[in-house]
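> Here it is, the structure, as structure tokens.
The values are calculated or read from the model by the stated rules, or taken from the named source; none is laboratory data. Quantities reported herein were computed from a predicted structural model and do not represent experimental measurements. When we count neighbours, we look across all protein chains shown, and the Cβ atoms used for this are built from the backbone with ideal geometry, even at glycine. Calculation scope for accessible area: heavy atoms of the full protein, side chains included, ligands and nucleic acids excluded. Shrake-Rupley method; radii C 1.70, N 1.55, O 1.52, S 1.80 Å.
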Amino acid sequence: MEDATVLLTGAEVVSPGVPAGTADTVAVSGSRIAAVGTLEAVRAALPGARYEVVDLGGGCLTPGFVDPHNHLLATGETMAGVDAGYPAVRSIADLARAVGEAALAQPAGTWVRGSGMDVAKYPEGRLPTAADLDAVSPNHPVIVFHKSGHSAVVNSVALAMAGSATETDPTGGYFDRDETGRARGYCVDAALDLVFPRAVDIDCHGPNFHFDATSEDLDHALEVGIRAYQAAGITTVCDPQVTRREMTTYLRARRTGRLGVRVVAMPLSSNLPALSEAGLSSGVGDDWFRIGAMKFYSDGALTSGTALFSGGYSDDALTRGQLFWQPGELRDLVADAMARGWQVGIHAQGDLGIEYALQAIEAGRGPGRHRIEHCGGPTSEQLGRIADLGVIPVNQPNFLTESGDELLTTLGDRTHRLQPLRSELDRQILTVLSSDAFVSDYRPLRTIASAMGRQTESGTVIGADERLGFDDALRMHTLLAAEALGMDGVIGSITPGKYADLVHFTTTLSDLPPAELATTTPNAAMIAGRWVTGLARP
């Protein structure tokens, strides 16, 4: 019965647009959803159709999760490198141990790469330096990225390879320096562009984590990432920082049939002239791979302390607000992109970073719905302008659960105004949830649980009045996320005519408290009518 319709039954259908308790069956015909309802109603809607019935045995079916800000390829790469994340690495001493173990396993002269470093949790209360790593890696260049991707520490071998490039701080970044002005190994934002073998030069257009690698290594990293995402129920991602390196890797996978999740690529603004001259702009592509918004940077990262807040930070030793562009420069860049037909997405975290992003969007006057990536700490006045402009805040509530205790220390009471999800929904703002993997955990149920609980590792609740219920959080990670990508007509809900991107869980998710929801995993996932993990796969 190869061309038969399949009736997936015996699981509650939990989806935007489907009232609770009204459906337990989804008919899948080819790559699309044919009908939704009770088993009897679906059978009645398909008179004369040939179909087979698959009993899922309970639990629930949700739409495939849509992550509108997720560095898929980079996440796959981090899975193969040194795990410097918390709790595996809790101190500078732990960091040196992890680097040393990796160096022993590699040939001399090869790069040791790590990611996930969470300096704010280290008891030493200072930034790591090259000297901390030199004893364990005298024969290897080393770079370990902060969890934000906006900073890193390198050892002395890497500093020597960079040469005189570290003597001056670049626009949009800086080096941590000793009392003589010499770089100590910790580099921030645009300074990253100077300290490792990069695949592309992006100047001050953003932090550079685009490590030079062979096409075989990139293809493997992408495959690893795709498998992990499928297992987590992610069926569509938007990669928010795509250079030539990522673009060619995604396109190669698309051409060879190995792109196992839908991908929307946001080119980094350094690519604007070349892509525009080639006649490309937002929306080019198909339902498996398309070009999205052009990505710009305003300020730095919330979790690395380089987001720009009007009130500064309480601990200037580890935190320092950072701009990639002066406000006038950002306005000019954004206006140029809009004039060339691009939707824009501007990375902005602190209220001052958001202010400059909004000014650029207001001045550009380009058509379409533009995005603010992260939109961490908007003021009430800024939320009003976001609503009036139709701007889309792309939120990551995992930052509150993973780094909330540290943010409370550096931002104080302002922390409770971060990620104002309920306020955004109440203002009828199209607001969405995302992970920002590799920066945060990629699993969508952890993101949803964070939006619901907003609870730090120590148990403190951040902004209790901004917590979401399950239904709103699910909608923001499926249908609204699809709308932010211009794909809500084809994905994002369990609706007849849309692609059969579905996820099965053996339990009813809406009954679970956030802590239990965060550890729940899918039983199976389907993309375009084919099981990609769990159950039977063609």
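> Could you check the spin-label model distance between E362 and D426? Points 7 Å from the Cα along Cα→Cβ, value in nm.
Computed distance between label sites E362 and D426 equals 2.3 nm.
> Quick check: the angle from helix 327-339's long axis to the longest principal axis of the chain, C-alpha only, nearest 10 degrees?
Between the helix axis and the principal axis of the chain, the angle is about 40 degrees.
> Given a 1.4 angstrom probe, what's the average accessible area per residue across the stretch 160-303, in square angstrom?
36 Å²
> Sticking with this structure for a sec: Can you give me the long-range amide H partners of G114? Hydrogens built in the peptide plane at 1.01 Å from N, cutoff under 5 Å, separation of 5 or more residues or another chain.
V82, I143, V144, F145
> Ok, one more. For E457 and Q106 in one chain, what is 0.36 nm times their gap in residues minus the Cα-Cα distance, to one decimal in nm?
Additional length available on full extension: 122.9 nm.
> Indicate the gyration tensor shape class of the stretch 190-284 (rounded, prolate or oblate), computed on the Cα atoms with a ≥ b ≥ c the square roots of the eigenvalues: a/c under 1.5 is rounded; otherwise a/b larger than b/c is prolate and the rest oblate.
Taking the square roots of the gyration eigenvalues as a ≥ b ≥ c, the stretch 190-284 is oblate.
> Further question on the same structure: Given H placed on each backbone N at 1.01 Å, which residues far from I346 in sequence or on other chains put an amide H within less than 5 Å of it?
Here F296, R371, I372, E373 satisfy the definition.
> Round to the nearest 0.05 the FRET efficiency obtained for D388 and D511 when R0 = 35 Å and r is the Cβ-Cβ distance.
With a Förster radius of 35 Å, E is 0.35.
> ³J(HN,Hα) across the stretch 26-37 via Karplus (A = 6.51, B = -1.76, C = 1.60, θ = phi - 60°), whole Hz, x for Gly/Pro?
Karplus-based 3J(HN,Hα) across the stretch 26-37 equals 10, 8, 10, 10, x, 9, 10, 7, 9, 6, 9, x Hz.
> If you don't mind, there's one more thing I want to ask. How many angstrom lie between the Cα centre of the stretch 47-103 and the Cα centre of the stretch 364-382?
Cα centres, the stretch 47-103 to the stretch 364-382: 29 Å.
> Could you run the Karplus curve 6.51 cos²θ - 1.76 cosθ + 1.60 with θ = phi - 60° over the stretch 116-127 and give me ³J(HN,Hα) per residue in whole Hz, x for Gly and Pro?
Going residue by residue, I get x, 3, 10, 4, 4, 8, 6, x, 5, x, 8, 7 Hz, with x marking Gly and Pro.
> Helix-only estimate, please: 222 nm mean residue ellipticity of the chain, summing -39500 (n - 2.57) across DSSP H runs of length 4 or more and dividing by its residues, to the nearest 500.
Computed ellipticity for the chain at 222 nm equals -8500 deg cm²/dmol.
> To make sure I understand the rule: partners must be aspartates and glutamates, Cα under 15 Å from the Cα of K147, and not fewer than 8 residues away in the same chain. Which ones qualify?
By straight Cα distance, K147 reaches E77, D83, D118, D189, E402, E406, D436, D441.
> Another question, then. Can you work out the Karplus-derived ³J(HN,Hα) for every residue in the stretch 342-353? Use 6.51 cos²θ - 1.76 cosθ + 1.60 with θ = phi - 60°, whole Hz, and x for glycine or proline.
With the stated coefficients, the stretch 342-353 comes to 9, 6, 10, x, 10, 5, 8, 10, x, 4, 6, x Hz.
> At most 13 other Cβ atoms within 10 Å and a DSSP loop assignment: could you name the trypsin sites (Lys or Arg not before Pro) in the stretch 14-122 that fit?
R50, R90
> How do L7, L408 rank by accessible surface area computed with a 1.4 Å probe, from largest to smallest?
If we order L7, L408 from most to least accessible, we get L408, L7.
> List the chymotrypsin sites (Phe, Trp or Tyr not before Pro) within the stretch 262-341 that DSSP assigns to loop and that have no more than 12 neighbouring Cβ atoms inside 10 Å.
Here no chymotrypsin sites (Phe, Trp or Tyr not before Pro) fit, given the DSSP loop and packing criteria.
> Carbon and sulfur together cover what percent of the accessible area of the stretch 424-538 at a 1.4 Å probe radius?
43 percent
> Moving on to the next point. Taking the 0 to 90 degree range and rounding to the nearest ten, how far is the long axis of helix 92-104 tilted relative to the main principal axis of the chain, both from C-alpha atoms?
Compared with the principal axis, the helix lies near 80 degrees.
> Using DSSP, restrict attention to beta bridges with both residues in the stretch 196-292 and report what percent are antiparallel, rounded to the nearest 5.
Around 20 percent antiparallel, to the nearest 5.
> For the chain, rounded, prolate or oblate, judged on the Cα gyration tensor with a ≥ b ≥ c (square roots of eigenvalues), a/c < 1.5 rounded, else prolate if a/b > b/c?
Verdict is prolate for the chain.
> Relative to the Cα centre, what is the charge dipole magnitude of the chain, using +1 at the beta carbon of each Lys and Arg, -1 at the beta carbon of each Asp and Glu, and rounding to the nearest 20 debye?
The dipole of the chain has a size of about 1020 debye.
> Please work out the C-alpha center-to-center distance from the stretch 301-362 to the stretch 424-441 and express it in whole Å.
18 Å
> Only Cα pairs under 8 Å and at least 6 apart count here; give the relative contact order of the stretch 104-150 as a rounded whole percent.
59 percent
> So for the chain: antiparallel DSSP bridges make up what percent, rounded to the nearest 5?
Of all bridge pairs located within the chain, approximately 50 percent are antiparallel.
> Continuing with the same structure: Report relative contact order for the chain in percent, whole number only (criteria: Cα-Cα under 8 Å, sequence separation at least 6).
Dividing the mean separation by the residue count of the chain yields 16 percent.
> How long is the gain from A231 to T521 if the chain were fully straight, where each residue apart is worth 0.36 nm and the alpha carbon distance is subtracted?
Gain in length upon complete extension: 103.6 nm.
> Whole Å is fine, so just give me how far the alpha carbon centre of the stretch 444-496 lies from that of the stretch 163-177.
That distance is 39 Å.
> Taking R0 as 35 Å, what's the FRET efficiency between H220 and N139 from their Cβ-Cβ distance, rounded to 0.05?
0.85
> For the stretch 341-428, state which GluC sites (Glu not before Pro) are in a DSSP loop and have at most 15 other beta carbons lying within 10 Å of their beta carbon.
none
> Pulled fully out, how much extra length does the chain show between A93 and S380, if you take 0.36 nm times their separation in residues and subtract their Cα-Cα distance?
99.1 nm
> Relative to the Cα centre, what is the charge dipole magnitude of the stretch 48-184, using +1 at the beta carbon of each Lys and Arg, -1 at the beta carbon of each Asp and Glu, and rounding to the nearest 20 debye?
For the stretch 48-184, the charge dipole is close to 20 debye.
> Set Lys and Arg Cβ to +1 and Asp and Glu Cβ to -1, take the dipole of the stretch 4-126 about its Cα centre, and tell me which of A102, G58, V14 lies farthest positive.
Selected residue: A102.
> Choose one of P514, A525, L474: the residue whose Cα lies farthest towards the positive end of the charge dipole of the stretch 391-538 (beta-carbon charges +1 Lys, Arg; -1 Asp, Glu; about the Cα centre).
Farthest towards the positive end: A525.
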